[in-house]
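Here's the structure we're looking at; comments come further down.
The values are calculated or read from the model by the stated rules, or taken from the named source; none is laboratory data. From a predicted model like this one, the values you see are computed outputs, not experimental measurements. Cβ atoms come from the backbone with ideal geometry, glycine included; neighbour counts cover every protein chain shown.
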Amino acid sequence: MEVVKGDSQKADDAAVPDHLWLHAFWMGYADPQCLARHRAAPGINPVGGAMEGGAPHSGWQASMTGFQAFGLRVWRRRTLRGYHNWRRNNIPWQSNLATPAQMVRWRMGMRFGSVRPVYEWTAKGRLFYSRQWALLRGSEEGAATVEAGFDAIRRCANSSWFEWLEGSAPLFWNWPEEYQRDVRDGQPHFLEGVFGPPYLRHQAKHKDPAKQELMRAKVVKVRRLDYIKAGRIKSGTSFFSVDKGATDIRMVYNGTSCGLNDILYTPHFGLPTVRATLRALLPGFYQCDLDVQDQFLNYKLHKSLREYSGVDIQGVRSHATEDARWESQRPARWERWERNWMGLRDSPYRSLQWQVRLKLVVYGDRRNLANPFHWDHVKLNLPGSLGYRADLPGVMKIRADGTIAAEIFVYVDDGWAIGHSAELAWRVARFYAAMCARLGVQDAARKWTSASRTPGPWAGTVTHTDQDQVCGMVSQEKWQKTQALIREFGGDVGAGLPPTAETPRD
């Protein structure tokens, strides 16, 4: 069944369309290329095997839960090993002072209801470990590594196959070396002035009780995820909400009224438009939608700005009975942001810069034929050149099989995967989401759509590749909004009213 993104998918509690992944698994049996890739990876004999026959064995859907649990366990183990390897290489212990045999001993004893080996510290081993524990946390680099590593691994351990149930944290050790410290600690901010007088005005409640409860739920959620935590506060912010979909809201934390945005410098940056997506499309190409969950909140706020990013949580504390003890442990009226928050002037620039860097990591080795982003050479199709065709893109990355290479575009948090076949477009989306998971960035699986030639809107535009043509359009919502603005402007002009600050300029 084809899935096209709708308003129902925008809600935070929307269901994950898991049948898309089941369909992709089932289709893998019928696709010879998919079968060849699965065999090539572990070196399976090309004759015979469980994937022969063009369809999975009966009852295969019931086994998927077990496969997901096993895959999740493997991912967690690799994540933990990756952190330990990085820590040993960058902040090593003085391991020459004691051998493993001098640190621990074992004996046979009762454990989990049966006799089995039980390991315990030796006196020398416990003393050595205690000293190394203190030394590691005694340096600024070591303390930052342990704190960030523990936080990230805890969140991985409590995640499910499709969701980061306790939020995410950057797995900094998996990022390219030049970015590891900044993604661990948060990028430094560009300041153009000095901090003004403290802003500690109490937050007013929303006039609409229903909206107030939605705001309460949103704030409690980010506090529960430790994106907002207790800490030293020098100045605060305010917040409000805007509608999101049919029944949800989006929280906006105001960095302007408190004066914080006035001293922050943010460079200009571009975003992809329909012109970019059209250059990657040909008739018959497939497209599918994916989404980055909590785009800004995936990345850390630098410590220099955390104490100026206070939030008055007194009026939006949790009323749930099960949260009573948790709330009693956080009695302060003011808490503070630990992540890039929506409403801070440089949050879009900082977060989207990380997402662009992530995309470059996702591209991988272009020469690897198994890479969905593989391309062999660049072909120019410029006006005036020999063989120029106006119906083809001006610059094309060509795969070894002669087709145009797959591509992915990201507009803030909205991803758009493109490929010459449905299977390739899905592989591109899955590959991107897998790399997000490896780097500690959330993927909103509930917002995925199936690969289609007639997909729904993306970034306010619609591109269809059926009927042997590529057609770019604006979404119906955007078109209606434009018509309303034109009618409003026309009414003002017809009435002879002078332009005002509210008069549309663009």
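Descriptive notes on the structure:
- Search result, residues across the range 339-363 that are touching a Phe, Trp or Tyr at 6+ places or on another chain (Cβ under 6 Å) and not in a helix (DSSP H, G or I): 339, 340, 341, 342, 343
- Single match in 289, 294 (criterion: in a loop (DSSP other than H, G, I, E, B), surrounded by 15 or more Cβ atoms within 10 Å (Cβ to Cβ) and not aliphatic (A, V, I, L, M)): 294
Residues checked against (1) modelled with pLDDT of 95 or more; (2) hydrophobic (A, V, I, L, M, F, W, C); (3) over 21 Å from the mean Cα position of the chain (by Cα); (4) not assigned by TED's automatic domain parsing to the domain that holds residue 153:
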| site | (1), (2), (3), (4) |
| --- | --- |
| 174 | yes, no, no, no |
| 184 | yes, no, no, yes |
| 203 | no, no, yes, yes |
| 206 | no, no, yes, yes |
| 210 | no, yes, yes, yes |
| 227 | yes, no, no, yes |
| 257 | no, no, yes, yes |
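- For the range 164-182, a residue qualifies if it is surrounded by fewer than 24 Cβ atoms within 10 Å (Cβ to Cβ) and among the polar types (S, T, N, Q), and the qualifying residues are 174, 180.
- Selection from the range 252-286 of residues that are farther than 20 Å from residue 411 by Cα, among the polar types (S, T, N, Q), touching a strand residue (DSSP E or B) at 6+ places or on another chain (Cβ under 8 Å) and assigned to a loop (DSSP other than H, G, I, E, B): 257
- In the range 184-203 there is no residue matching the filter, namely being surrounded by 15 or more Cβ atoms within 10 Å (Cβ to Cβ), among the basic types (Lys, Arg) and over 21 Å from residue 292 (Cα atoms).
- Of all the listed residues (44, 91), the sole one being more than 22 Å from residue 435 (Cβ to Cβ), modelled with pLDDT of 85 or more and either within 29 Å of the chain's Cα centre (by Cα) or of a type in the set (Val, Ile, Thr) (or both) is 91.
- Residue 425, sole failed condition from (1) in contact with a His (Cβ under 6 Å, 6 or more places away or on another chain); (2) under 30 Å from residue 168 (Cα atoms): (1)
- Matching residues, the range 436-491, being small (Gly, Ala, Ser) and in contact with a Gly (Cβ under 6 Å, 6 or more places away or on another chain): 475
- Residues being over 20 Å from residue 272 (Cβ atoms), modelled with pLDDT under 85 and not in a helix (DSSP H, G or I) - total across the range 451-506: 11
- Within the range 53-78, residues that are under 13 Å from residue 25 (Cα atoms) and among the polar types (S, T, N, Q) have Cβ atoms under 8 Å from residues that are modelled with pLDDT of 90 or more and in a loop (DSSP other than H, G, I, E, B) in these pairs: 68/161, counting only partners at least 6 apart in sequence or on another chain.
- In the range 94-120, the residues that are at pLDDT below 80 form Cβ pairs under 9 Å with partners that are assigned to a strand (DSSP E or B), at six or more places apart or across chains, as follows: 111/117; 111/118.
- Residue 164 closer than 30 Å to residue 295 by Cβ and of a type outside the set (Gly, Ala, Ser): yes
- A search for C-beta distances below 7 Å between a residue of the range 335-348 that is aromatic (Phe, Trp, Tyr) and any residue that is part of a strand (DSSP E or B), counting only pairs 6+ apart in sequence or on different chains, returns 337/228; 337/311; 341/253.
- Yes/no for residue 249 being surrounded by 14 or more Cβ atoms within 10 Å (Cβ to Cβ), among the β-branched types (Val, Ile, Thr) and either on the phi > 0 side of the Ramachandran plot or assigned to a loop (DSSP other than H, G, I, E, B) (or both): no
- Those residues of the range 70-96 which are of a type in the set (A, V, I, L, M) and surrounded by 12 or more Cβ atoms within 10 Å (Cβ to Cβ), in sequence order: 72, 80, 91
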